[in-house]
Amino acid sequence: MNVVTKVLKLLIITFSISVIVSCASPPSSDPEALAEYQKLNDPFETANRGIFGFNQILDKLIIKPVTTIYRTIAPDVVREAIHNFLQNIKTPVIVANDLLQGEGNRAGNTIARFFINSTWGLLGFMDPATEMGFEQHEEDFGQTLAVWVVDEGPYLMLPVLGPSNPRDAIGKLVDWVIDPIHWWAANTDNSEVPLIRTGVNGVDTRDQLWEVLEDIEKNSIDPYASYRSLYRQRRADDINNGKRSGSANPALSDLDQDLELANPDSGN
Amino acid sequence: MKIAAVTLGALALCVLLAPTKQIKADEFSDGARKFIRSVADQAISQLTKKEMSSKEREKKFRLILKNYFDVASIGKWALGRYWRKADNEERKEYLILFENLIVTTYANRFKNYSNENIAINKTVRRGKMALVQSNLERGGQKPIRVDWRVTFPDGQYKIFDIVVEGVSLVQTQRSEFSSVIRRNGGKVSDLIIALRAKTTSSK
């Protein structure tokens, strides 16, 4: 707990300094530009880009090489097994958030998955539950806050953790605190366990996102903007539990409104 | 007796006329669904052979793109309010570069296709567009949601956007472009320079 507190403090200080040192100023002259700036909701863009740069260096020097070795040494089956295990032990946090959002069915689904995978799935290393029709879904406290109608707030690029916003960052903190694994670790003097688990989670996540990140690296002319857009759209989709109502996803409803713009006859 | 007959007649007429609007909407959605089915099948049959060279794949992809996607409209929408600020020369060059960007970005992804199946589910009408919902099924893993936005400009179905797991490709592109333009003082020309660099370096 002591090491974690120290690291968190360091990260918060680093972040605060970069925010104080560089805050983007809104374009005051052009009303259209101002409207766009406000809609973008990234007032800390300069500081965020700085942190993004730091994250990319961290990735290049440490995370990507480690994950590359992982992908080379561990066969597909092993990587999948580790991924399944990590997913399985997230169950308590997912169930808690399912319930907090009033999603009884989804909570039941998650609990069913846990029992099936922990037993037939050999302690969670296998995932027979999916084939039996119990699909995996993610839930976290950030999503719960969103369901409770908490606005996401300005875009934040967190050191190491990546794209976020005040609501989701608080969500991550709450999930960390309520996770029973961390309680157990604290009470039985096993404080390295959460750290090891976080490390393995990091590599696993990097592995899962490998193709997507390679894609952005290769094809994007502004990776920072790409990540921002992708993060927000994926969060909206997760919060909405993947339901396809176009109006709930602001990105899509924008599209419907603006289609007039694309009409070649409208003189725009 | 006469009044009753007239009333009945009027009612009958209403019953006959009422569903017409409904039928038209369903026809559109139905047509959109069949259109996506055929595009998906064509893409799979033409673009996924492993032995094909990159050049060959890009050529075939470009053909499918031009035939079935409303590239000009997508390009215009991706530029957003900056389209108005671009002059004719810039607009022309931008649209060419935009098409090239799509080709270099997406064509060779079909190389990694491994017998995934596209299962089309519902089709929903959204104003002028139809949203065709499908799932990309990959063996034992969770299927990926892929939605297609279909418009009907000039009497032909065209794809306007593809939404994968809630991520609109067109929206993402637009965010990227507007960020580049904004950071360069609102000049479209700087985006064009960046696009030129990106599409030539990937060759």
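Taken together, the values in this text are just the output of simple stated rules run on the coordinates, not laboratory data. No experiment lies behind these values; they were computed from the predicted model shown. Every residue, glycine among them, receives a Cβ derived from its backbone with ideal geometry; neighbour counts consider all protein chains shown.
In region A:86-120, how many are within 19 Å of the chain's Cα centre (by Cα) and within 22 Å of A:Arg197 (Cβ to Cβ)?
13
Which one is surrounded by the fewest Cβ atoms within 10 Å (Cβ to Cβ) among residues in region A:117-145 that are closer than 30 Å to A:Leu8 by Cα and within 14 Å of chain B (Cβ to nearest Cβ)?
Step by step, filter region A:117-145, then rank; the result is A:Glu138.
Which one is surrounded by the most Cβ atoms within 10 Å (Cβ to Cβ) among residues in region B:162-203 that are of a type in the set (Asp, Glu) and facing chain A (nearest Cβ under 8 Å)?
Selected residue: B:Glu176.
Of the conditions (1) closer than 28 Å to B:Gly31 by Cα; (2) more than 11 Å from every other protein chain (Cβ to nearest Cβ); (3) of a type outside the set (D, E, K, R); (4) surrounded by 15 or more Cβ atoms within 10 Å (Cβ to Cβ), B:Tyr113 fails just one. Which one is it?
The failed condition is (4).
Counting only residues that are without any contact (Cβ under 8 Å) to a residue 24 or more places away in the chain and outside any loop (DSSP other than H, G, I, E, B), how many does region B:74-104 have?
Total meeting the criteria: 8.
For region B:120-156, what are the residues that are buried (at least 20 other Cβ atoms within 10 Å of the Cβ), away from chain A (no Cβ under 11 Å) and within 30 Å of B:Ile192 (Cα to Cα)?
If the condition is that a residue be buried (at least 20 other Cβ atoms within 10 Å of the Cβ), away from chain A (no Cβ under 11 Å) and within 30 Å of B:Ile192 (Cα to Cα), then B:Trp148, B:Val150 are the ones that fit.
From the list A:Pro194, A:Pro154, which one is more than 14 Å from every other protein chain (Cβ to nearest Cβ), assigned to a loop (DSSP other than H, G, I, E, B) and either under 16 Å from the mean Cα position of the chain (by Cα) or not acidic (Asp, Glu) (or both)?
It is A:Pro154.
Kindly establish whether A:Glu211 is over 28 Å from A:Pro65 (Cβ atoms) and either of a type in the set (Gly, Ala, Ser) or within 14 Å of chain B (Cβ to nearest Cβ) (or both).
When the stated conditions are applied, A:Glu211 does not pass them.
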